[in-house]
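The values are calculated or read from the model by the stated rules, or taken from the named source; none is laboratory data. Here the structure is a predicted model, which means the values were calculated and not measured. Quick reminder, even Gly has a Cβ in these numbers, built from the backbone with ideal geometry, and neighbours come from all protein chains shown. Accessible surface is based on the protein model in full, side chains and every heavy atom, while ligands, DNA and RNA are left aside. Shrake-Rupley method; radii C 1.70, N 1.55, O 1.52, S 1.80 Å.
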Amino acid sequence: MSKKVTIIGSGISSLTTAIILLQKGYEVRILEQHYVAGGYLHTFKRFGVEYETGGHYQGALGDGLPFQRLLSYLGVFHEDDYIELDRDHVDVYRFEGWGFSYGTGYEKNILNLIKIFPDLEEKIKKFFDRVSESAHCFPTYYFKTEIDQKLVMKHLNISLSEVFDELEIEGRLREVLEAPCLLHGVSPKDVSFGVHSIMTDSLIVSAHGFKNGGKQLVKRFTDKIVELGGEILLRKKVTSIERDGKRIKAVTCESGESFESDLFISGIHPKLIFEMIGHENLRKSFSSRLTKIRESDPFVGAYLLLKDSVGINAKSNYYFYPKGTQSVFGVELGQKRGPFVFMSSPLRTYNGEGELPLSLHAPCQSDEFKRFEKLEKRSKDEEYLKLKEELFKPLIETIEEEFPGFKKSIVSICYSSPLTNQFYNPSPNGSAYGIYHDSTCTGVKSLGPRTHFENLYLTGQNTLFPGLLGASVSGLRTSGHIVGIKSILNQLKN
Amino acid sequence: MEKQLIVDGINETLSEEFELGIDKLTPDAHLFDDLGLDSLDAVDMLVHIEDKTGVKMDVEQFQKVKTLGDVYDLVAEVSSQSKLN
């Protein structure tokens, strides 16, 4: 008799896990709290446009590259769903008075950096060699069945800052090389070089956007899951968990329905699932460790419609550092950081004519929105609306300096706060990247996939590294723990 | 850090976080057989010890430890190395 699996949450990690387990003969049921599946692949409609919540752009989706291979293996990759970003200007970083555009391909980035820093050619080459070497040694990224444990450990055990120190990279070069830390939200001092190298490599080797939104990929996943006999139940918010010693017996939803199964997989934030189990039922050592794990910064969002593009390239992503912010990671942790703003368009197919939709995201302080948490009809509250607007004012001014006419061109604008995030993709503080992926919870020290409960597994960005790729690979890793990773990696390799 | 300080720090962490009686915390105590820990506990232990002592361990070496004495020795060794550096 096939084993029954219940998966909580329907983000890309849960969807990935579901397909692999269905292919291996498991009976799979997914419980999703919302009326639609997808987690951070959700899109929402405003001003007639579908805006992304998380799927702003994807790395390693080019031919033969890891993310495309993984999605193809799952049977959900369709070339027409994606559009390649501007190969010369994927990530445009604007620092005070200067800037740099990361493009596609190692060689291009190395040459462009050498143009700016001609005396540092050797250091630049060494750094990117090291990024590539590190990224290629992880078996669940470039899909290898043989693992050089020593090499993996070498890259995991060192921080990005330590690599800069070893290579004697300082000043502006260091600033531009550490800027992509914004993609995982962890300071260079705290991020494991191994983790950082995967994120960096994935975006250097190729960068794509969704043609029809992240929801298109969700549809591919859900169609496949249904085709394989799995079920996705919507509006099923898990609120309590029944256990029997070290085994989970059943999960119960807000609706009162209970679901029993042989295995349970949680794709939601680990803190939330263990809260439901109850800290009194956890080993104290694990409970206190979990409590100590920090969350990454919460984000505010603005969703705009511009009358015209004012020179903004819809196939680029922009990162602005407002005046006085040398770099978001230039100050010690714990001090108030100067905000940066990330700008991208959900309409990657924009042909330069007509209205251009944009989204802006910026980190904010965790406690800034706390007072509105319990407020009913929050979306109509003037003070709440004003705070969101105020936070974006200086950021919009910064963009105006880069793209004159930006402000005047705004036809419509609306905002989101960490509380919006907490509602749609629950995390303790409304963070977008989940837990702060420092060296205490990455690599061997990652939370999950196994837990202290023998039939409960974890998946999702919190168990590996952030982003769609990180979350999807975490699904591969979780299912690999259940059915054996080698056979899956063998298929992926070929 | 002096070895005795390291031993005391680790014992304090283990008794607090893993609720183990101090009398059980001897150098020859086997982590799995005598202290009843498993491989997941070992990861939690590593994180707690790093947090307590401020010593960053080599995960590969830590995976080889069998007894509490091995843990004391490893932390002391890494601690003295980082002091030299």
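Inspect region A:351-366 for any residue being assigned to a strand (DSSP E or B), closer than 30 Å to A:G194 by Cβ and within 14 Å of another protein chain (Cβ to nearest Cβ) and give the result as yes or no.
Within region A:351-366, not a single residue is assigned to a strand (DSSP E or B), closer than 30 Å to A:G194 by Cβ and within 14 Å of another protein chain (Cβ to nearest Cβ).
For (1) more than 25 Å from A:Y51 (Cβ to Cβ); (2) buried (at least 23 other Cβ atoms within 10 Å of the Cβ), each residue gets a yes or a no:
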{"position": "A:F423", "(1), (2)": "no, no"}
{"position": "A:S431", "(1), (2)": "no, yes"}
{"position": "A:G434", "(1), (2)": "no, yes"}
{"position": "A:H452", "(1), (2)": "yes, no"}
{"position": "A:N462", "(1), (2)": "no, yes"}
{"position": "A:F465", "(1), (2)": "no, yes"}
{"position": "A:V473", "(1), (2)": "yes, yes"}
{"position": "A:S479", "(1), (2)": "yes, yes"}
{"position": "A:G484", "(1), (2)": "yes, no"}
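So, in region A:352-363, of the ones that are farther than 13 Å from A:E389 by Cα and touching a Leu at 6+ places or on another chain (Cβ under 7 Å), which residue ends up surrounded by the most Cβ atoms within 10 Å (Cβ to Cβ)?
A:L358
Hey, any hits in region A:88-99 for a residue that's more than 27 Å from the chain's Cα centre (by Cα), on the phi > 0 side of the Ramachandran plot and open to solvent by 20 Å² or more (accessible area, probe 1.4 Å)?
yes
All but one of (1) open to solvent by 20 Å² or more (accessible area, probe 1.4 Å); (2) more than 14 Å from chain B (Cβ to nearest Cβ); (3) more than 24 Å from the chain's Cα centre (by Cα); (4) modelled with pLDDT of 95 or more hold for A:R130; which doesn't?
(3)
For region A:441-461, indicate whether the set of residues that are over 30 Å from B:K64 (Cα atoms) and either in contact with a His (Cβ under 9 Å, 6 or more places away or on another chain) or among the aliphatic types (A, V, I, L, M) (or both) is non-empty.
No, that holds for no residue.
Without any contact (Cβ under 8 Å) to a residue 60 or more places away in the chain and more than 13 Å from A:S285 (Cα to Cα): is that true of B:E17 in this structure? Can you show your working first?
On the way: without any contact (Cβ under 8 Å) to a residue 60 or more places away in the chain: yes; more than 13 Å from A:S285 (Cα to Cα): no.
For B:E17, the condition - without any contact (Cβ under 8 Å) to a residue 60 or more places away in the chain and more than 13 Å from A:S285 (Cα to Cα) - is not met.
Can you name the number of the only condition in (1) farther than 20 Å from A:R87 by Cα; (2) touching a Leu at 6+ places or on another chain (Cβ under 8 Å) that A:I114 fails?
(1)
What are the pairs with Cβ atoms under 8 angstrom where one residue, in region A:159-185, is on the phi > 0 side of the Ramachandran plot and the other, located anywhere, is modelled with pLDDT of 95 or more and open to solvent by less than 10 Å² (accessible area, probe 1.4 Å)? Sequence gap at least six, or different chains.
none
For region A:287-308, how many residues meet the condition of being touching a Gly at 6+ places or on another chain (Cβ under 8 Å) and surrounded by fewer than 19 Cβ atoms within 10 Å (Cβ to Cβ)? Lay out the reasoning, then the answer.
Narrowing region A:287-308 to residues touching a Gly at 6+ places or on another chain (Cβ under 8 Å): A:295-299, A:308.
Narrowing the set further to residues that are surrounded by fewer than 19 Cβ atoms within 10 Å (Cβ to Cβ) leaves A:308.
Of the residues in that region, 1 qualify.
Could we say that A:K144 is over 21 Å from the mean Cα position of the chain (by Cα) and surrounded by fewer than 21 Cβ atoms within 10 Å (Cβ to Cβ) here? Before you say what the answer is, go through the steps one by one.
Working: over 21 Å from the mean Cα position of the chain (by Cα): yes; surrounded by fewer than 21 Cβ atoms within 10 Å (Cβ to Cβ): yes.
Answer is yes for this residue.
Out of the strands (runs of 3 or more DSSP E) lying entirely within region A:1-119, which hold 1 or more residues that are under 30 Å from A:E401 (Cβ atoms) and of a type outside the set (S, T, N, Q)?
A:43-46, A:49-52, A:82-84, A:91-95, A:98-102
Could you please find all residues in region B:31-82 being facing chain A (nearest Cβ under 10 Å), touching a residue at least 12 places away in the same chain (Cβ under 8 Å) and hydrophobic (A, V, I, L, M, F, W, C)?
Passing the criteria: B:L37, B:A42, B:M45, B:L46, B:M57, B:V59, B:F62.
So if I check each of A:F406, A:F465, which one is over 17 Å from A:H269 (Cα atoms) and in contact (Cβ under 8 Å) with a residue 60 or more places away in the chain?
On the way: A:F465 fails: over 17 Å from A:H269 (Cα atoms).
Among A:F406, A:F465, only A:F406 is over 17 Å from A:H269 (Cα atoms) and in contact (Cβ under 8 Å) with a residue 60 or more places away in the chain.
Looking at A:E32, A:E52 in this structure, which one is closer than 15 Å to A:I268 by Cβ, buried (at least 18 other Cβ atoms within 10 Å of the Cβ) and of a type in the set (D, E, K, R)?
A:E32
Can you pull out the helices (runs of 4 or more DSSP H) entirely within region A:399-490 that have at least 1 residues that are within 13 Å of the chain's Cα centre (by Cα) and assigned by TED's automatic domain parsing to the domain that holds A:S288?
Fully inside region A:399-490 and qualifying: A:467-483.
Pick from A:S379, A:S427, A:S446: which is polar (S, T, N, Q) and in contact with a strand residue (DSSP E or B) (Cβ under 8 Å, 6 or more places away or on another chain)? Walk me through it before giving the result.
Details: A:S379 fails: in contact with a strand residue (DSSP E or B) (Cβ under 8 Å, 6 or more places away or on another chain); A:S446 fails: in contact with a strand residue (DSSP E or B) (Cβ under 8 Å, 6 or more places away or on another chain).
Within the list A:S379, A:S427, A:S446, the selection yields A:S427.
Any residue in region A:253-271 that is within 30 Å of B:D44 (Cα to Cα), open to solvent by less than 60 Å² (accessible area, probe 1.4 Å), modelled with pLDDT under 95 and among the aliphatic types (A, V, I, L, M)?
Checking region A:253-271: not a single residue is within 30 Å of B:D44 (Cα to Cα), open to solvent by less than 60 Å² (accessible area, probe 1.4 Å), modelled with pLDDT under 95 and among the aliphatic types (A, V, I, L, M).
State which residue pairs qualify: first residue more than 7 Å from chain B (Cβ to nearest Cβ) and inside region A:435-453, second residue of a type in the set (D, E, K, R) and surrounded by fewer than 19 Cβ atoms within 10 Å (Cβ to Cβ) in any location, beta carbons under 6 Å apart, and separation of 6 or more residues or different chains.
Close Cβ pairs (under 6 Å, with a partner that is of a type in the set (D, E, K, R) and surrounded by fewer than 19 Cβ atoms within 10 Å (Cβ to Cβ)) amount to A:Y436/A:R294; A:F453/A:K246.
Given (1) without any contact (Cβ under 8 Å) to a residue 12 or more places away in the chain; (2) closer than 30 Å to A:V411 by Cβ, identify the lone condition not met by A:G97.
(2)
Considering each residue of region A:182-194, count those that are of a type in the set (V, I, T) and open to solvent by 10 Å² or more (accessible area, probe 1.4 Å), and give that number.
Residues in region A:182-194 being of a type in the set (V, I, T) and open to solvent by 10 Å² or more (accessible area, probe 1.4 Å): 0 in total.
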